[in-house]
Each structure stands twice: as C-alpha cells, then as structure tokens.
Amino acid sequence: MIEKGRFGQFGGFYVPEVLIPALEDIEAAFLHYKDDPKFVADLDNLYKNYAGRPTPLYYASRFSEYVGFRVYIKREDLLHGGAHKTNNTLGQGLLAKYMGKKKIIAETGAGQHGLATAMAGALFGLETKIFMGAVDVERQSVNVHKMKLCGAEVVPITAGSGTLKDAINDALRYWTSHVEDTFYIFGTVCGPHPFPTIVKHFQSPIGKEAHEQVLKETGSLPDMVVACVGGGSNAMGIFSGFIDDKDVKLIGVEPAGHGLDTGEHAATLVAGTIGIFHGAKSYLLQDKEGQVHETESISAGLDYPAVGPEHCMLKDAGRAEYVSVEDKDVLDTFHLFTKLEGIIPALESTHALTWLVQQKGKFSADTTIIANLSGRGDKDVGIVEEHSPV
Ligand SMILES: *Cc1c(COP(=O)(O)O)cnc(C)c1O
C-alpha cells in the first residue's frame, strides 16, 4: 500500500487501517471523474464563473524597474476568496458531491483553507466542520467569523500547541470514525496518497494558464518561475505548467522565520531531515528523536513542519531549487511592492517577491521571471502594522 503515490522515496500512505478504504474510494473517484466530461465541464464553469479563472498574468513594470529584470505576476490574489486555495476546495468539494458525500471536514491554520472549504460547503450544500487550533482561532478571528457566516462549524483544538499540526491530527482522528458520509478536503500537496496528486491536479490551472499567457505576451518561455512554499500547493500548481520545460528554472521560497542563525525557522526543504508525518514521507522539521518542531514564521500560512513529497523529489533531483528568506526582509518587501504596484500581497506570497528583491541587479535586463502571487494581503495588514508601521 505504501508503494502508492510515491515520488521517488517520498510520499506514500502511512495511515491507520480504517482510513485505507476511504482513501482508496477518493482515489478511485478522482481517477474516474477527472476526465469525465460532465465533471470537467462543471468544474470549468465554477473556475470561470464562480472563482474568476483565468487569473491575469500582469507585467509589474515598476517592480521590474526596481529589481532590474522582467517580472510577471500570476494574479491568484484576484481569485474568489483571495487566494489559490479556492481552486482546490472547488475541485475536492465537487468530487465529494459527485461521490454522494453529505459532509466535508478540513483542517486550517491561518484560516484560509478553512474559509475556502466553508465557501465550498455553502456552494455545494454540504455540512461543513473546520478543525482549527484554539490559538489560531484567537489569532484569526475574522476568518473564523467568515467561516461561520458560510454556515460552517469551527471546532477549536486545544491539544498540543493548539495550531495547525494539532488540527490535522484531530481532523484525521475525527475522520476515522466518520468515513462513511464524510469527505476530508486536505488543504495542500501533503498528507497520504492520493491528496498530493489530487491537490496538484486541482491547482494545475495556475501553471497551464501562466504557460499560455507568457507565450502569448512575450513569445517565449520565462527563465524562471518563483513561488512560496508552505505545504507546497501553489508552487506545485504553477511549477506543473513548466516542469517539462527543462530550461525554465523553478525556485521555491520557504520562510526562514526570525532567521536561520537563531534556529527558529520554518524552512522544511532547506533545513529539514527525512521522516514520516501526517501519513507521508517527506522532509520534516524534527529533532534527533524525531520530535516534530513547531514552526515560526510571520506568515501563518507557511507554518507547516512538513512539505509535499513531490517537492522533496524535485529538490533531490535538482529540478527545483529551494531557498529561504527571513521575516524582516519579507516585511520590507511587503511595503516596497505595495508602494510600487498598488497591490497588497499576502505575506506568504511576499516570500517569493522577497527572493526577487534579493536578486536585484544579478540578472540581465531581458531575464523574464514569473512570480506566483498566491493570495492577497488584506488579512495581513494588522500583523504588518504591528511589526513595521507605515
Ligand atoms: C495557504 C497559503 C499558502 C501556503 O500553502 P501552499 O500549499 O504552500 O501553497 C501560500 N499563500 C497563501 C496566500 C496561502 O493562503
């Protein structure tokens, strides 16, 4: 069973016995419906008319002038819900509906995936439960309120540190006793097979569109594609459109948190070691005893101690490169980019932009780079104001 969903030595299917049939059902339904004309037409309609796909590819002229090379921005911040998460919850929500499920559950950290799931729950008329660490419920009260407005129940988790990894533990535990009528909508390209494959599939329009758009706009492929990496879904979405184009460099940017020198980082691929967590084998932030670390970054959406198995494989194969940037530089870039472009980026997405700022003057003026703007920063205005007031 653990041979399924392997990406090199990574990924797999390390779950309690009772979940195996549920995951196999989801895999079978996914394989059946992903090419089913009615399912595809339904999902395309939702992507287009509900969520606002295709999202634009925007040439950021003032930011480009600042860094000294050509930067195109893939505008997932304009997607309904304010981030790429909607692509995934529409896809998995529709799949749950087609499978005849009556209930959906999800985990959430910053509340973005919880909100995107609550929106899908309302849209598809599915009873929705969101598992969220009690600390995060406090920190993200606006998103909690929005989830409730959509009709979802928010379940605060006090176990452990009361954050994302504890919420996932409890969501998985709940699922083991409700597998019959409940679909677990996982939020990123992690977890047991088939989630990494499913989530990548539903995020792949980002890359497919960007590939077409950049060719149309510039007549050639970009030199590089850059995206932030938490669990890795927005990066996998945009990378998937360019992975076969060997000359296009793929760069994933992780949070270094307060700085690598203090040891308080959240850069899983840059600083992690291999282990098994939440049902899959990947790089992990853990100590010598295998105890998984709390991560600490200014952007709650990147605070996850594991990372998608396909990213682990791409790293080891040298196909993608992973780097990290520190909180203080992310804050500077947040201000810089907003002032130059009038677009407020999510702190998560700002990690990708920060790496570009650090390359200022290092590439020729005709170098073309696409950065995935995974979400908008409205949710982060308060945090930024606290740390670096205008
Ligand atoms: C959740 C989130 C992320 C991190 O998740 P990935 O699976 O790594 O994409 C990045 N950006 C935004 C705006 C998010 O909401």
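The values are calculated or read from the model by the stated rules, or taken from the named source; none is laboratory data. Source: prediction; values computed, not measured. Here the Cβ positions follow ideal geometry from the backbone for every residue, glycine too, while neighbour counts run over all protein chains shown. What goes into the accessible areas is simple: the full protein's heavy atoms, side chains included, and nothing from ligands, DNA or RNA. Shrake-Rupley method; radii C 1.70, N 1.55, O 1.52, S 1.80 Å.
Scanning region 21-75 for residues that are in contact (Cβ under 8 Å) with a residue 60 or more places away in the chain, in a helix (DSSP H, G or I) and touching a strand residue (DSSP E or B) at 6+ places or on another chain (Cβ under 6 Å) turns up just one, Phe63. The single condition from (1) open to solvent by 10 Å² or more (accessible area, probe 1.4 Å); (2) in contact (Cβ under 8 Å) with a residue 60 or more places away in the chain; (3) within 16 Å of the ligand (Cβ to nearest atom) that Lys360 fails is (3).
Condition test on Phe69, is it more than 12 Å from the ligand (Cβ to nearest atom), surrounded by 24 or more Cβ atoms within 10 Å (Cβ to Cβ) and modelled with pLDDT of 95 or more? Spelling it out, it is not the case that Phe69 is more than 12 Å from the ligand (Cβ to nearest atom), surrounded by 24 or more Cβ atoms within 10 Å (Cβ to Cβ) and modelled with pLDDT of 95 or more. Does His335 count as in contact (Cβ under 8 Å) with a residue 40 or more places away in the chain, out of contact with any Phe, Trp or Tyr (no Cβ under 9 Å at 6 or more places or on another chain), surrounded by fewer than 24 Cβ atoms within 10 Å (Cβ to Cβ) and in the same structural domain as Ile298 (by TED's automatic domain parsing)? In short, yes. The combined condition, being over 19 Å from Ala171 (Cα atoms), crowded, with 16+ Cβ neighbours inside 10 Å and assigned by TED's automatic domain parsing to the domain that holds Val179, is fulfilled by Asp42.
Condition check: surrounded by 18 or more Cβ atoms within 10 Å (Cβ to Cβ) and touching a His at 6+ places or on another chain (Cβ under 6 Å). Does Leu284 satisfy that? Considered against the rule, which asks whether it is surrounded by 18 or more Cβ atoms within 10 Å (Cβ to Cβ) and touching a His at 6+ places or on another chain (Cβ under 6 Å), Leu284 comes out as no. In this entry, Leu373 passes the filter for residues that are within 21 Å of Glu254 (Cβ to Cβ) and within 12 Å of the ligand (Cβ to nearest atom). Being open to solvent by less than 40 Å² (accessible area, probe 1.4 Å), more than 17 Å from Pro309 (Cα to Cα), in a loop (DSSP other than H, G, I, E, B) and in the same structural domain as Leu115 (by TED's automatic domain parsing) is true for just one of Val179, Val155, Val189. Which residue is that? Selected residue: Val179, the only one of Val179, Val155, Val189 that is open to solvent by less than 40 Å² (accessible area, probe 1.4 Å), more than 17 Å from Pro309 (Cα to Cα), in a loop (DSSP other than H, G, I, E, B) and in the same structural domain as Leu115 (by TED's automatic domain parsing). Scanning region 286-326 for residues that are modelled with pLDDT of 95 or more and over 22 Å from Leu250 (Cα atoms) yields nothing.
Is there a residue being surrounded by 22 or more Cβ atoms within 10 Å (Cβ to Cβ), within 16 Å of the ligand (Cβ to nearest atom), in the same structural domain as Gly232 (by TED's automatic domain parsing) and closer than 19 Å to Phe7 by Cα anywhere in region 293-302? Looking for residues that are surrounded by 22 or more Cβ atoms within 10 Å (Cβ to Cβ), within 16 Å of the ligand (Cβ to nearest atom), in the same structural domain as Gly232 (by TED's automatic domain parsing) and closer than 19 Å to Phe7 by Cα, one finds none in region 293-302, hence no. Considering only residues that are among the hydroxyl-bearing types (Ser, Thr, Tyr) and open to solvent by 10 Å² or more (accessible area, probe 1.4 Å), which ones fall in region 74-127? Tyr98, the sole residue that qualifies.
Inspection of region 336-344 identifies at least one residue that is within 14 Å of the ligand (Cβ to nearest atom), modelled with pLDDT of 95 or more, outside any helix (DSSP H, G or I) and over 21 Å from Gln213 (Cα atoms).
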